[in-house]
Amino acid sequence: MTDVKLGPITMLVSNMETAEVAIIGGGIVASSIAYHLTAAGCKNVLVIERESAQGKGSTGKSMGGVRAQFSTPVNIQMSLYSIPFYASFEERLGHPCGYRPQGYLFCATSDAHLKYLRANYEKQISLGLKDVRMISAPEIRGNFPQLRSDDIVGGSFCSSDGFVDPYSAMIGLMTWAADHGAKLWKNTTVTGVQQDRNGVTAVETTRGTVSTRNVVNCAGAWATSIAKIVGIDLPVEPLRRMLVPTEPFDEFPHTAPMIIDMSNGFHFRPEARGFLLAWNDPEETPGYKIDFEPSFIEKILTRAADRVPVFENLAVNPKRAWAGLYEMTPDHHPVLGAVPTVPGFFLANGFSGHGVMHAPATGKILAEIMLNGKTDLIDASLLSFSRFAEGRMIEETALL
Ligand SMILES: Cc1cc2nc3c(=O)[nH]c(=O)nc-3n(C[C@H](O)[C@H](O)[C@H](O)COP(=O)(O)OP(=O)(O)OC[C@H]3O[C@@H](n4cnc5c(N)ncnc54)[C@H](O)[C@@H]3O)c2cc1C
């Protein structure tokens, strides 16, 4: 457990802007931390976003999938907080997040897949997930006769998995926080972090210096450059992911879950009157590439038609397809919590493609660590920055 608490709120320079906590970046993770801190009684949280609007980082590019079907206990636990949070979002925040519990259906095409899904299922059930079950090949075939199922040997399905609208969730969280005392600065880039021998004293921004004892790095795929400012080498790499929305299409049910073809990772879900297609191209290499590569369309449509023969008839407008960045860590888990060498500097980075679904839990965990020095939601030491240096990585294999 991390035992670092919020430092004292100190007025370092009388006319300087002050914040109890300054959050760098204004995506869904920052918004959730702002919400949870404010809801816990923090009066002066400042979120600093360099763009003219929120959502221009990865949050606005996300597929919006939320699932508890993971392979590691800590990821499952984060979803066990986050998904019910999304289910009651409108009630809590007075703003919609578009949660649609249509499920995730993993389709196994080998006995090894099935064994893997069963082991995950048992872990999920033992941690308290109620809505997940193993599903037989005939049932999958019966529910979705449009799937080519000659090689499907079974699968797993969780009915409370589903989709949210990431942009709406982010705005809901930030609006609630702002209505209760938090501030959002847009068009403001963080350029420096000042420290004295007790730790962080201020953040430097293009709008001036902000006196604060507590800073959270929520800069998404750009988190390494913020970490460098305080001398930390954060192992978070940007990796391009591309999504292809289709034109309206009615030959597959719009009530379908996210369906994952485990033979190659192709997955899709209903979106508006069409479908949203995704596939992790193994040839993709790390880097800040956010242009959509047109040749990806043929690659993904080949996989789409292979699993769903009626998808031969899909129409796609390449201009509507897009690319964004995953923020990958070596073990595909986020890095959360304090940095012992820099008192007052906290990390909420490296979600490896799960930052929307784990934003609620992250907000809760960071708020608890900052305010109470510990969290009961997970064993936070598992996700600490020091795990890399100490060789304590925990691999998540259920990646999409
Ligand atoms: C194609 C795609 C599909 C995805 N699908 C899913 C999914 O189905 N489910 C899921 O859970 N996740 C998904 N993800 C991942 C998810 O979108 C991210 O994990 C999540 O959005 C991360 O949120 P964030 O707030 O940490 O980062 P971001 O949303 O990237 O926000 C970081 C912000 O920091 C700002 N910033 C950076 N540097 C500075 C600075 N110096 N000063 C001020 N501001 C700065 C940026 O402008 C940006 O707005 C997907 C991602 C992509 C690209």
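A P(r) calculated from all alpha carbon pairs of the stretch 207-261, with 10 Å bins opening at zero, reads 15, 29, 17, 18, 16, 4 percent. Taking every Cα-Cα distance in the stretch 7-151 and sorting them into 10 Å bins starting at zero, the pair-distance distribution P(r) comes out as 9, 26, 29, 19, 11, 4, 2, 0 percent. Straight-line reach from Lys130: taking Cα to Cα under 28 Å and skipping same-chain neighbours fewer than 8 places apart, the lysines in range are Lys115, Lys364, Lys374. Take the Cα of Thr206, step 7 Å toward its Cβ, do the same at Asn280, and the gap between the two points is 3.4 nm. The three principal axes of the C-alpha atoms in the stretch 303-400 carry coordinate ranges of 56, 26, 23 Å, sorted with the longest axis first. Inter-label distance, Met134 to Glu271: 3.3 nm, where each label sits 7 Å from its Cα along the C-beta direction. Once C-alpha pairs closer than 8 Å and six or more residues apart are averaged by separation and normalised to the residue number of the chain, the relative contact order reads 26 percent. For the stretch 171-319, the relative contact order works out to 16 percent when only alpha carbon pairs closer than 8 Å and six or more residues apart are counted. Taking a ≥ b ≥ c as the square roots of the Cα gyration tensor eigenvalues, the stretch 184-343 comes out prolate, since a/c reaches at least 1.5 and a/b is larger than b/c. The distance linking the stretch 165-243 with the stretch 50-92 is 18 Å (Cα centroid to Cα centroid, whole angstrom). With Cα atoms as the point set, the stretch 103-154 shows a radius of gyration and Dmax of 11.5, 34 Å. Note on the stretch 81-175: the C-alpha convex hull projects to 7.1 nm² when averaged across all orientations. As an equivalent ellipsoid, the chain spans semi-axes of 38, 22, 19 angstrom, where each value is the square root of five times an eigenvalue of the C-alpha gyration tensor, largest first.
Determine the sum of side-chain charges near Thr224: Lys and Arg each +1, Asp and Glu each -1, restricted to other residues whose C-beta is under 15 angstrom from that of Thr224. Charge balance near Thr224 sits at -2. Taking every DSSP beta bridge that has both ends in the chain, the antiparallel portion is near 70%. Across the stretch 28-103, Cα-Cα pairs farther apart than 20 Å form 44% of the total. Note on His113, His36, His180: ascending count of other Cβ atoms within 10 Å places them as His180, His113, His36, the fewest first. Dipole orientation for the stretch 120-195: of the candidates Ala169, Leu127, Ile140, Ala169 has the Cα lying most toward the positive pole (charges on Cβ; Lys, Arg +1; Asp, Glu -1).
Sort Arg197, Arg100 so that the residue with the fewest other Cβ atoms within 10 Å of its own Cβ comes first and the one with the most comes last.
Arg197, Arg100
For Lys289, a cut-off of 16 angstrom between C-alpha atoms picks up these lysines, skipping any fewer than 8 places away in its own chain: Lys56, Lys61.
Mind pulling up the Rg/Rh value for the stretch 155-213? Radius of gyration and Kirkwood radius, both on Cα. The Rg/Rh ratio comes out at 1.23. The charge dipole of the stretch 178-292, taken about the Cα centre with unit charges on the Cβ atoms of Lys, Arg (+1) and Asp, Glu (-1), comes to about 760 debye, rounded to the nearest 20. The order of Ser32, Ser71, going from fewest to most other C-beta atoms within 10 Å of their C-beta, is Ser71, Ser32. The 3J(HN,Hα) values that the Karplus relation (6.51, -1.76, 1.60; θ = phi - 60°) gives for the stretch 355-367 are, in residue order, x, 6, 5, 9, 4, x, 5, 4, x, 5, 5, 5, 4 Hz. Gly and Pro appear as x.
No lab work stands behind these numbers, since they all come straight from the coordinates. Computed from a predicted model, the values in this text were never measured in an experiment. Here the Cβ is made from the backbone with ideal geometry for all residues, glycine too, and neighbour counts use every protein chain on show.
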